[in-house]
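To start, the structure itself, in C-alpha cells.
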Amino acid sequence: MKRTILFFQAALACLLVGCKQAPESPRLQDEVRYVDPFIGTGFHGHTFPGATRPYAMVQLSPDTHILGWDASSGYHYDDDHIYGFSHTHLSGTGIGDLGDVALLPFSGGDSIKPVATFKKDTEKATPGYYAVRLDNFGINVELTSTDRVGFHKYTYDNPKERRVLLDLGHILQPNWGHKLIGNQYLLVNDSTVEGTVKTQGWAHFHSMSYRITFSEPIETVYQYIGGKLRKDSLFLRLNTAEDLKFHYKFAEKAQPLYVKVALSVVDPEGAEKNLEAELPGWDFDKTREESTHIWNEALNLIQIEADPKVMVNFYTAQYHTKLTPNLMSDVNGEYRRHDQRIARMPQGGAYYSTFSLWDTFRAWNPLQTLVDTTLVNDMIRSMLDMYDITGELPIWPLASGETGTMIGYHAASVIADAYLKGIRGYDAEKALDAMIRSSNINKKGSDYYVAQGFIPSNIKRESVSCTLEYAYDDWAISRMAGAMGRDDVAREYAQRALNYANVFDGSTCFFRGRGTDGNWSEPFEEFATGRDYTEATPWHYRFFVP
C-alpha cells in the first residue's frame, strides 16, 4: 500500500501544486471531521448516509425510498419516513438492488409493517456512524458496524413498549422485478435468530445469510407469514418463499436495547463465525470509535491542505471512493462463486464483488493502483475467479452473479494498468489469456468488431461507444502482452486498437455510427444523445481515444 500527501492551494481552486512522498509514519490527521455522508443523497446522487467501513460487506443504512429510480441506494434526502434499517446498499448506481435483512424499532400498537417518521435535524452521520430520532415511536436510533456485522442501539422513551420489526420480505425496487424467492428462518434461542434470504433482481441470484443476536431475551414473538398473523402456534423453523415478518417484544426496562446482525453470503454458520470474530462483545461506543479510526487511516492515504469547504468536498469524495467494491468472503475466506458453489480464498486474501467497471475504469481503478495495491490484487484475483466460472472477465458483477450491465471489457484495462505499474499478486499469464478471450466474446457486437473493425449501427445499439471502448481495451491488452514478451499478441491487439479510426468521420470531425453498407448514420446532431452512443452525445466521445 502506498501513501501520498497532496497539497492543494485553495486560491487556485484546488489546483494541484505539489506532491511528495510521505514519511514512514506520518501523523494521522482527523480527516473524518470533513466527511459529510449526506452529500450525494439528494437529487439523483443515489448515495446512502449509513454506517459502513471501507469496502465492507455491511452497509447499514435507513431505507426511506423503496420504489423508483431514487430508491437505488434506499435513501433520498427529501424523505421523512423510514421503512427499515437494512444491511446492504449500493452507492451511486443507476439501478437499485439489495436492502437485505431490515430491522425497525417501534412502539405502540402493532401493524404488519410499521413505518417511522423523522425530522432532518435529528439525523447525524459520520463515517462509520448514523443516528436519527423516530418521532412517532419516541425512539433514538444509533448505528455502527464492523466489516461484516451491523450494530444497532435503540433507546426507547417508553420502556414498556420496546418492540423490533424484523422484515425478511423487505427488498428495494420490487417494481423493477426485484423479488423474494426463498426465506429460511430459525429461532436459535430466546435472544438469537438466523436464516437465509434469497432474492432475484439486478443480481440474478442473491443469497444472504444472517445471524441476529439481541442484548436481551425476547419476551414475545409475533409471526406474520405471507402477510397474515399466525396466532395458533410459534414456528421455530421456517423454510418458505413467502414474505416473513417478525415483531419481537422485550421486557420493560429503562435501558437501551442492542442488536448485532452478522452477514454471510455462504450460510448462517458463516455469519455466526463472522460475529464471533468481529464483534464478540456489546461495547457500542468502542465499535464506533474503531470505525472512526479505520476511516481516518483510510482517508489519510491522501492528505490535503485547503480551504475548509474544499476539504469537505475532497474528503467526502474520497470517502465515497471507498464504499465499493464490497467484501463477499467470510473471516475464514469462504465465499459464494458465480456458479453458487462455495470456495475459499487463500489465507489473507479477500473476495470482492460490486465492480461497476464501465464507471470506474477511467479514474477510480487507476487511483487504487496509487493508494491501495492490496485491494487491487484482491480485486484481480476475484475477477479471475469469476472468469473461471463464466469463461469471461466480469463486466458488472453484483453479489454472487454477473449483471452484464454497460459496455466494454474493461477488466482488461484494469488488469493491464495494474500489471504495467508492477502490481503482480495474481497469475499474469492466466490474466492475459482471460483478457484475450473476453475481448472476443463480448455480447455487445464484438463479433462484428473483430470481423470488420467496427460495429454496424443498424445492427447494435451504442455502436460508436462500443467500438471506441473496445479499441481502448485492445490497446491495453497490447501493452500488457508486449511487457510480458507475448509479441504476437501485442502486434495483433495494437492493430485492433486502431479500429477507432473506422468510425471517425473526417468531414464532421466526430465519431459516428456506420451501417452495414459502410455509410454514415443519419440524421446526425452533435449535441444530441442517440442510439449510437452510451449515455453521451457525440461531443463526449469526440475525445475517447485515450
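Annotation: per residue accessible area for region 128-174 equals 23 Å², rounded to a whole number [probe 1.4 Å, protein chains only]. Short-range pairs are left out: with C-alpha atoms under 8 Å and at least six residues apart, the relative contact order of region 145-287 is 35 percent. For region 29-124, the relative contact order works out to 23 percent when only alpha carbon pairs closer than 8 Å and six or more residues apart are counted.
Given a 1.4 Å probe and the protein chains all in place, what does the accessible area of Val58 round to, in Å² to the nearest 10? So the heavy atoms of Val58 present about 0 Å² to solvent.
The solvent-accessible area of Met57, taken with every protein chain present and a 1.4 Å probe, is close to 10 Å².
Rounded to whole numbers, the Karplus 3J(HN,Hα) couplings from phi for region 449-454 are 4, 5, 6, 10, x, 7 Hz, using 6.51 cos²θ - 1.76 cosθ + 1.60 with θ = phi - 60°, and x at Gly and Pro. Over all Cα atoms in region 367-420, the spread is summed up by Rg and Dmax: 11.3, 30 Å. Taking 20 Å as the cut-off, the amide N atoms of region 134-159 that come nearer than this to a point 7 Å along the Cα-to-beta-carbon line of Val188 belong to 144-154. Of the residues Asp78, Asp157, Asp433, ranked by 1.4 Å probe accessible area with the largest first, the sequence reads Asp78, Asp157, Asp433. Could you give the length gained by full extension between Ser111 and Leu236, i.e. 0.36 nm per residue of separation minus their alpha carbon distance, to one decimal place? So the chain would gain 42.8 nm between Ser111 and Leu236. Note on Asp517 and Ala451: the model spin-label points, each 7 Å out from Cα along the C-beta direction, lie 1.9 nm apart. Taking 0.36 nm per residue of separation and subtracting the Cα-Cα distance, full extension of the segment from Lys119 to Lys198 would add 25.1 nm. Solvent-accessible surface (1.4 Å probe) assigned to Ile389 amounts to roughly 50 Å². Taking the helices alone, the chain has a mean residue ellipticity at 222 nm of -7500 deg cm²/dmol, built from -39,500 (n - 2.57) per DSSP H run of at least 4 residues and averaged over all its residues. Rounded to the nearest Hz, the phi-derived 3J(HN,Hα) couplings of region 226-232 under the Karplus curve 6.51 cos²θ - 1.76 cosθ + 1.60 (θ = phi - 60°) are x, x, 10, 6, 8, 9, 7, where x marks glycine and proline. 3J(HN,Hα) along region 289-294, derived from phi through the Karplus expression 6.51 cos²θ - 1.76 cosθ + 1.60 where θ = phi - 60°, amounts to 5, 4, 5, 4, 5, 4 Hz, with x in place of Gly and Pro.
Taking Lys and Arg as +1 and Asp and Glu as -1, the other residues whose beta-carbon sits under 10 Å from that of Leu263 total -1.
The H on the amide N of Leu398, modeled in the peptide plane, is under 5 Å from the matching H of Thr354, Thr403, each at least 5 residues off or on a different chain. Equivalent ellipsoid of region 113-194: semi-axes from √(5λ) of the C-alpha gyration tensor, largest first, are 24, 19, 16 Å.
From the largest down, region 439-546 spans 46, 24, 24 angstrom on the principal axes of its Cα atoms.
With the convex hull drawn over the C-alpha atoms of the chain, the volume per residue is 162 Å³. Enumerate the residues in region 457-474 having an amide nitrogen under 20 Å from the point lying 7 Å beyond the Cα of Ala528 toward its Cβ. Those under the cut-off are 457-466. Scaling the Cα radius of gyration of region 316-366 by the globular reference 2.2 N^0.38 Å produces a ratio of 1.34.
When you restrict to C-alpha pairs under 8 Å that are six or more residues apart and normalise by the size of the chain, the relative contact order lands at 12 percent.
The values are calculated or read from the model by the stated rules, or taken from the named source; none is laboratory data. Treat the numbers as computed from the prediction; the structure is a model and nothing was measured. Here Cβ is always computed from backbone atoms with ideal geometry, including for glycine, and neighbour counts include all displayed protein chains. The accessibility values were calculated without ligands, DNA or RNA, using every heavy atom of the protein model including side chains. Shrake-Rupley method; radii C 1.70, N 1.55, O 1.52, S 1.80 Å.
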